[in-house]
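Remarks on the structure that follows.
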Amino acid sequence: MMLKIKVPASTANMGPGFDVLALSFKLYNEFIFEDSKELIINTPNKRYNNKNNLVYRTLVQILEEKGIEAPALKLTMRNEIPISRGLGSSATCILAGVIAANRYLKKKMTTEEIYLKAVAIEGHCDNISSQFFGGLTLSMREEDRIFYRKANIPSGLLCTALIPDFTLSTKKARAVLPETVSLTDATYNLSHAMLFVESLKNGQFKDLKYFLKDKLHEPYRSSLIPNFDRIIQKAYDLGAYGAFLSGAGPTIMILRKNEENSFKKNIQNYLHTLEDQWKAVDLSIDNEGTIISQD
Ligand code: HSE
């Protein structure tokens with residue numbers, strides 16, 4: 001058998017949409033499962049070529065829950081998404097592990113069950129929703145259920161990811177968040193998130209800068225990222241519609257005009273003046289989500 005799973009990168013939170021909003025991109029991790037007499041895991045990074053590999057661990061966990069021993073297999077990973085940078089790389093591994101487990105379970109899980117299982121293992125629904133279903137997603141939990149909706153973004157928007165050479169784990173980035181927030185901050189985010197989504201959907205990009213402000217996670221996490229405020233300010237000086245911390249960071253995501261060709265060159269020149277290495281990468285929106293091919 002051969003199973004190929006292609007999962008897009010995503011940017012979660014998107015300003016005030018902490019743990020709710022995410023948008024997927026045409027930047028992919030690809031996972032290929034084949035029959036084998038022994039376990040072989042081939043990834044671009046040797047560190048992950050063993051049983052601790054998140055894809056393999058997820059697959060084993062699900063099969064064990066169903067009382068099935070994991071078969072010997074060959075897993076080949078082709079990674080375009082940088083690891084631990086706030087672009088949903090680990091969520092792609094979890095999704096691939098769940099989808100592959102379902103293949104070994106003779107496809108007994110429904111699409112809904114695969115989605116719910118991946119969310120349960122990942123812990124948050126934002127990245128998984130947009131990576132599985134594609135595009136801009138809004139998702140939430142209520143009464144042990146996860147609800148999601150897809151929203152269309154009209155053309156005219158380009159995203160540029162500013163990706164540093166240092167990593168930040170979600171665990172560390174969640175540890176700096178407060179346990180509780182004030183009513184003022186909660187209301188602030190609620191208002192901003194609603195205007196942000198409504199404006200995105202309507203293609204009214206010019207005020208996004210105001211709606212993208214956040215009081216739930218960026219003020220706490222930005223201290224973990226050297227020059228965060230300066231980079232955001234520079235992006236706005238160069239004409240960006242919006243700039244926010246991507247997921248748990250450290251990548252900074254820029255929303256900007258499609259036709260503004262000089263932006264990437266100018267922000268990259270600025271990033272070269274900083275002590276850390278940063279790379280500006282243009283990303284277009286993926287609307288397909290996860291693609292599975294098999295024989
Ligand atoms: N919403 C999550 C967070 C994304 O910001 O912690 C990372 O899983």
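The values are calculated or read from the model by the stated rules, or taken from the named source; none is laboratory data. Given the structure is predicted, the values throughout are model-derived calculations rather than measurements. Heads up, the Cβs are rebuilt from the backbone with ideal geometry, glycines too, and the neighbour counts pull from every protein chain shown. Please note that ligands, DNA and RNA were not included when accessible areas were found on the heavy atoms of the full protein model with its side chains. Shrake-Rupley method; radii C 1.70, N 1.55, O 1.52, S 1.80 Å.
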**OP:** Report yes if some residue within the stretch 219-237 is under 17 Å from the mean Cα position of the chain (by Cα), within 16 Å of the ligand (Cβ to nearest atom) and not in a loop (DSSP other than H, G, I, E, B); otherwise report no.
**Re:** yes
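Within the stretch 41-60, how many residues turn out to be closer than 18 Å to residue 7 by Cβ and not hydroxyl-bearing (Ser, Thr, Tyr)? Step through it out loud before you land on a result.
Initial filter on the stretch 41-60 (closer than 18 Å to residue 7 by Cβ): 41-45, 48, 53-59.
Filter once more, keeping what is not hydroxyl-bearing (Ser, Thr, Tyr): 41-42, 44-45, 53-55, 57, 59.
Total satisfying the criteria: 9.
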**OP:** Scan (1) closer than 26 Å to residue 284 by Cβ; (2) away from the ligand (no atom under 13 Å from the Cβ); (3) surrounded by 18 or more Cβ atoms within 10 Å (Cβ to Cβ) for the single condition residue 130 breaks and write down its number.
**Re:** (2)
**OP:** Consider only pairs whose beta carbons are under 6 Å apart and that are at least six residues apart or on different chains; among these, list those whose first residue lies in the stretch 82-94 and is free of Cβ contacts under 8 Å to residues at least 60 places away in the same chain and whose second residue is within 11 Å of the ligand (Cβ to nearest atom) and not in a loop (DSSP other than H, G, I, E, B).
**Re:** 94/122
Original post:
On the given criteria, is residue 36 of a type in the set (Gly, Ala, Ser) and surrounded by 19 or more Cβ atoms within 10 Å (Cβ to Cβ)?
Top reply: no
**OP:** Those residues that are under 15 Å from residue 159 (Cα atoms) and either near the ligand (Cβ under 9 Å from one of its atoms) or open to solvent by 10 Å² or more (accessible area, probe 1.4 Å) (or both), I need them from the stretch 11-20; list them, please.
**Re:** 12, 13
**OP:** Select from the stretch 81-126 the residues that are in a helix (DSSP H, G or I) and under 11 Å from the mean Cα position of the chain (by Cα) and write down the one among them that is nearest to the ligand (Cβ to nearest atom).
**Re:** 126
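State whether the residues of the stretch 181-198 include one that is within 15 Å of the ligand (Cβ to nearest atom), surrounded by fewer than 18 Cβ atoms within 10 Å (Cβ to Cβ) and at pLDDT 95 or above.
Yes, there is a match, as at least one residue in the stretch 181-198 is within 15 Å of the ligand (Cβ to nearest atom), surrounded by fewer than 18 Cβ atoms within 10 Å (Cβ to Cβ) and at pLDDT 95 or above.
Based on what the data block shows, is residue 214 at pLDDT 95 or above and assigned to a loop (DSSP other than H, G, I, E, B)? Step through it out loud before you land on a result.
Numbers: at pLDDT 95 or above: yes; assigned to a loop (DSSP other than H, G, I, E, B): yes.
Against the criterion (at pLDDT 95 or above and assigned to a loop (DSSP other than H, G, I, E, B)), residue 214 qualifies.
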**OP:** Kindly establish whether residue 26 is among the charged types (D, E, K, R), surrounded by fewer than 24 Cβ atoms within 10 Å (Cβ to Cβ), under 24 Å from the mean Cα position of the chain (by Cα) and closer than 18 Å to residue 295 by Cα.
**Re:** no
Subject >> residue 166 open to solvent by less than 80 Å² (accessible area, probe 1.4 Å), away from the ligand (no atom under 14 Å from the Cβ) and not in a strand (DSSP E or B) >> reply: yes
**OP:** Select from the stretch 254-278 the residues that are assigned to a helix (DSSP H, G or I) and of a type in the set (A, V, I, L, M, F, W, C) and list them in ascending order.
**Re:** 263, 267, 271
